Amino acid sequence: MIEAKRGGAIVEAAASDFVRATATRPFAASRIVEVGPLTIAIHFADRDLEALFADAFYPARAASGASWSLFVLAAAEGEPLPLPGFSQDEPDMRLVESAERYCLWMGRHSPSLYVVDRPSRRAVCWVTEKSAVKAWERSRPFLPALQAMFDDSPWLAVHAAALALADRAILFAGPGGAGKTTLSLAGLSAGWRFIGDDYVLVDTREDAPAVAPLFATARLRDDMVARFPNLARARTAISHDFDERRHELSLRGIPELRGGAARLERLLFVERSGHLAPDFAPIRRSKVLAAMAANIFIATPGAREPRLRKLSRLLTAAPVARFDPGPRIEDALAALMADLR
Amino acid sequence: MSDPIDLVFSASGPEVIFENFGDEMVVANLASGFFYSLDGSGADIWNALVAGHTGRQFIAASRADAEGAAEIARFIAELRSEGLLAEAAHPAKPDPVSVAAFARPSMQKFDDLQGLLLVDPIHEASPAGWPFVQAPGESHG
């Protein structure tokens, strides 16, 4: 259950003090990364934290100053959470948010507390137990905090994959297991620009909808490795979340993947319905909206109404269709290429 | 007690938001997590009600027959029972109701959020990680 409370003046004051004090601490390592339109300076309190999270992001292309600072630190053993009313013993999520601040304790979902202070454009991720950070979380670090950083912009983090050809992008939404990852990585192998296979950023302005990378990561199941031998150089680790082997990829070293946003031409809801060839079909926007909004609300709690408004704008701006890739991925990519022309 | 088709309504609160995609109307109840797609004359009825018109005004404007009028009354009752409409204190707007040709109103309800809310992040998440749900046959080992 999610407990959401707006306001909370005491918590907000403590959050503001906490962020300010954290920013004055020494940090062991820093990275300047690019997350969509934002340049973020990420400061890690120790090398373990850097090793856990840093490779999940693309380095910033320009040497310009960072627009946000994110401080990542780990709690000492037994150290209480630094916000009043927040406890490590609380298994449920706890959210306090306002226009200025966003404070989220993840509870049993993840050993993390996020504090985002919009006036100072600073955020903190406080990890209570480094060894408890799951591999899936390392592949998409700080997601709720990043979403909160985008709340005062038209950008939105969504659960979707995306590919582009010549800066014209297709967004693949839909349920897990429908083939979004396979499709996007096969596209990468076939010369498409890979934008993401799990979470990506969308610019929801109606006159210029666009997609941009959020994380420089992908995850391959064991049975997918042979299909993508060209990604072997991107492999960083084997993880065993839930006893399933996954090959963790960091794509930050692949220069052709860097780049800004690509114009969104099409939003496809990937859903297998038994077609023997790739198939495009009409779909109701309400179905797509409900599915995508549910994930946004759960994976990145808070600001439901403005985030839903952004998602609605996106669905108004981009043509939407249902897509069954069929059994052959090569045919699916050819159909997508033809659709873009 | 007033006949519900004579009542004036508004969206039941800031948690109820709606979006017109042109070819369909979507209403979201952020408090309950349910989404609704309004079909047939459902979108016209919704627009008329949240603009301050009554169901009776809509029935008159749509020229629905007795069966159609009953459908409209049933649809309004359904919107109320889903917590999407609340009685408003202001009088009905006297200006004309804008309405297309009448078609039986209905709604489709989406419960995607409810499904995710019920996921146990430790025991039921898929290998892709929370908040994704295990597919049938998938296990944690």
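Bear in mind that the values in this text are calculations on the coordinates, not laboratory data. Worth saying up front: this structure is predicted, and the values here are computed from it rather than measured. Reconstructed Cβ throughout: ideal geometry from the backbone, glycine too, with neighbour counts over all protein chains shown.
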- request: Place a +1 charge on the Cβ of each Lys and Arg in the stretch A:2-153 and a -1 charge on the Cβ of each Asp and Glu, then give the dipole magnitude about the Cα centre in debye, rounded to the nearest 20.
  value: 380 debye
Amide H partners (placed H, <5 Å) of A:ALA60, local residues excluded: A:ILE32, A:VAL33, A:GLU34
- prompt: Gain in length, A:ALA166 to A:ARG205, computed as 0.36 nm per residue apart minus the alpha-carbon separation, to one decimal in nm?
  reply: 12.0 nm
field: Listed residues A:VAL127, A:ALA15, A:PRO26: farthest to the positive end of the dipole of the stretch A:2-153 (Cβ charges)
entry: A:PRO26
- prompt: Of B:ILE45, B:SER32, B:PHE18, whose Cα points farthest to the positive end of the dipole of the stretch B:1-53 (charges on the beta-carbon: +1 Lys, Arg; -1 Asp, Glu; origin at the Cα centre)?
  reply: B:SER32
message: Just want the ordering: A:ARG285, B:ARG63, A:ARG245, from fewest to most Cβ atoms lying within 10 Å of their own Cβ.
response: B:ARG63, A:ARG245, A:ARG285
query: So for the protein assembly as shown, taking the charge dipole from beta-carbon charges (+1 Lys/Arg, -1 Asp/Glu), which of A:ALA208, A:GLY253, B:LEU84 sits furthest toward the positive end?
result: A:GLY253
query: Under a GNM of chain A (C-alpha, springs under 10 Å), which listed residue has the highest mean-square fluctuation: A:ALA148, A:ALA210, A:ALA186?
result: A:ALA186
query: Rounded, prolate or oblate: which fits the stretch A:156-340, taking a ≥ b ≥ c as square roots of the Cα gyration tensor eigenvalues, rounded meaning a/c under 1.5, else prolate when a/b beats b/c?
result: rounded
query: In what sequence do A:ASP223, A:ASP46 fall when counting other Cβ within 10 Å, fewest first?
result: A:ASP223, A:ASP46
task: Enter the mean number of other protein chain beta carbons within 10 Å of the beta carbon of each residue in A:281-294, as an integer.
output: 6
- prompt: What is the distance, in nm, between label points placed 7 Å from the Cα along the Cα-to-Cβ direction at B:GLU67 and at B:ASN20?
  reply: 2.9 nm
Total lysine pairs under 30 Å (Cα atoms) in chain A, excluding pairs fewer than 8 apart on one chain: 10
task: Using only C-alpha positions, report the orientation-averaged shadow area of the convex hull of the stretch A:56-212, nm², one decimal.
output: 11.5 nm²
query: What shape does the stretch A:211-282 take by its C-alpha gyration tensor, where a ≥ b ≥ c are the square roots of the eigenvalues and a/c under 1.5 counts as rounded, a/b above b/c as prolate, and the rest as oblate?
result: oblate
query: Once amide H atoms are placed 1.01 Å from N in the peptide plane, what residues at a sequence separation of 5 or more from A:TYR199, or on another chain, have their amide H within under 5 Å of its amide H?
result: A:ALA160
- request: Report, in debye and to the nearest 20, how large the dipole of the protein assembly as shown comes out about its Cα centre when Lys and Arg carry +1 and Asp and Glu carry -1 on their Cβ.
  value: 1340 debye
- line: Length gained, A:ARG121-A:ARG309, 0.36 nm per residue minus C-alpha separation, equals 65.4 nm
task: Rank these for me by crowding, A:LYS287, B:LYS109, going from fewest to most other beta carbons within 10 Å.
output: B:LYS109, A:LYS287
- line: Checked the stretch A:125-249 against the a/c 1.5 cut and the a/b vs b/c comparison, axes a ≥ b ≥ c from its Cα gyration tensor; verdict oblate
- prompt: Could you give the length gained on full extension between A:SER273 and A:ASN230, defined as 0.36 nm per residue of separation minus the Cα-Cα distance, in nm?
  reply: 12.5 nm
Residue-count net charge about B:VAL16 - beta-carbon cut-off 11 Å; Lys, Arg +1, Asp, Glu -1: -3
task: Hydropathy first: keep DSSP H helices in chain A averaging at least 1.0 on Kyte-Doolittle, then drop any whose Cα extent along the axis falls short of 15 Å, and list what survives.
output: A:285-299, A:329-340
field: Local electrostatic count at A:GLU265 - Lys and Arg +1, Asp and Glu -1, tallied over other residues with Cβ under 11 Å
entry: +2
- prompt: Looking at the stretch A:156-340, what % of its DSSP beta bridges pair antiparallel, to the nearest 5?
  reply: 75 percent
- prompt: In a Debye calculation with equal point scatterers on the alpha-carbon sites of chain A and no solvent, what is log10 I(q)/I(0) at q = 0.08, 0.10 Å⁻¹?
  reply: -0.37, -0.58
